[in-house]
Amino acid sequence: QVQLVESGGGLVQAGGSLRLSCAATENIFNTLVMAWYRQAPGKQRDLVASIVRGSGTNYADSVKGRFTISRDSAENTMYLQMNSLKPEDTAIYYCMGQWIRRTYWGRGTQVTVSS
């Protein structure tokens, strides 16, 4: 059973920055996709950014130019650097890892951006 544990969330003022981390108990080098999703209250869970094996990185239009996804395979950790945060970025952020046999999710970390 693979575990993904997010950290780094918190309360920040608009215009500020946060760096989220997702630590995996399995080798993330073998993933097909690693991604960050977010879910605001009353809304569906949406893709924020992803790293697709053989294809590179992808971002939601709403975060392009502000967020950067990266990973450190040696540390089995994925990151999301979030800059120029806006109140509409407030959500629970979830880490997702897709291996060949199964997809795993973390429990999420709360990000709150005050205006």
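On the accessible surface of the chain, probed at 1.4 Å, how many percent belong to carbon and sulfur atoms?
Ligands and nucleic acids excluded, carbon and sulfur give 45 percent.
For the pair THR112/ASP72, report the inter-label distance in nm, with labels modelled 7 Å from Cα in the Cβ direction.
2.9
Rounded if a/c is under 1.5, else prolate if a/b is larger than b/c, else oblate: which is the stretch 1-52, with a ≥ b ≥ c the root eigenvalues of its Cα gyration tensor?
Prolate is the answer for the stretch 1-52, as a/c is 1.5 or above and a/b outweighs b/c.
What accessible area per residue, rounded to a whole number of Å², is obtained for the chain using a probe radius of 1.4 Å?
Counting only protein heavy atoms, the per-residue value for the chain is 55 Å².
Provide the net charge surrounding LEU85, with neighbours chosen by a C-beta distance below 15 Å and charges set as Lys +1, Arg +1, Asp -1, Glu -1.
Every neighbour counted, the sum reads +3.
Using the Karplus equation 6.51 cos²θ - 1.76 cosθ + 1.60 (θ = phi - 60°), what ³J(HN,Hα) coupling, rounded to whole Hz, does each residue of the stretch 100-106 give in order, writing x for Gly and Pro?
4, 8, 7, 10, 10, 10, x
Under a point spin-label approximation (7 Å from Cα along Cα-to-Cβ), what is the SER62-LEU32 distance to one decimal in nm?
In this crude spin-label approximation the distance works out to 2.7 nm.
Over the stretch 8-85, consider all pairs of different Cα atoms and compute the Kirkwood hydrodynamic radius from their mean reciprocal separation; express it in Å, one decimal.
13.3
7 Å from Cα along Cα→Cβ at both GLN44 and LEU11: what's the point-to-point distance in nm?
Computed distance between label sites GLN44 and LEU11 equals 3.2 nm.
Given 0.36 nm per residue, what is the gain on full extension from LYS86 to GLN3 after removing their alpha carbon distance, in nm?
Additional length available on full extension: 26.9 nm.
Need one number: convex hull volume per residue for the stretch 61-113, Cα atoms only, in Å³.
104
Which Cα, out of CYS22, CYS95, GLY8, lies furthest along the positive dipole direction of the chain (beta carbon charges, K/R +1, D/E -1)?
CYS95
Place a label point 7 angstrom from the Cα of ALA23 along the Cα-to-Cβ direction, then list the residues of the stretch 59-95 whose backbone nitrogen is under 12 Å away.
The answer is 75-78, whose backbone nitrogens lie closer than 12 Å to the label point.
Lys and Arg at +1, Asp and Glu at -1: add these up for the other residues within a Cβ distance under 15 Å of ASN76 and post the number. Present the calculation step by step, with values, prior to reporting the outcome.
On the way: positive: ARG71; negative: GLU6, GLU26, ASP72, GLU75.
Charge balance near ASN76 sits at -3.
Based on DSSP, what percent of beta bridges with both residues in the chain are antiparallel, to the nearest 5?
Taking every DSSP beta bridge within the chain, about 90 percent pair in antiparallel fashion.
The values are calculated or read from the model by the stated rules, or taken from the named source; none is laboratory data. Since we're looking at a predicted model, the values are computed, not measured. Using ideal geometry, Cβ is built from the backbone for each residue, glycine included, and neighbour counts are taken over all protein chains shown. With ligands, DNA and RNA removed, areas are computed over all heavy atoms of the protein, side chains included. Shrake-Rupley method; radii C 1.70, N 1.55, O 1.52, S 1.80 Å.
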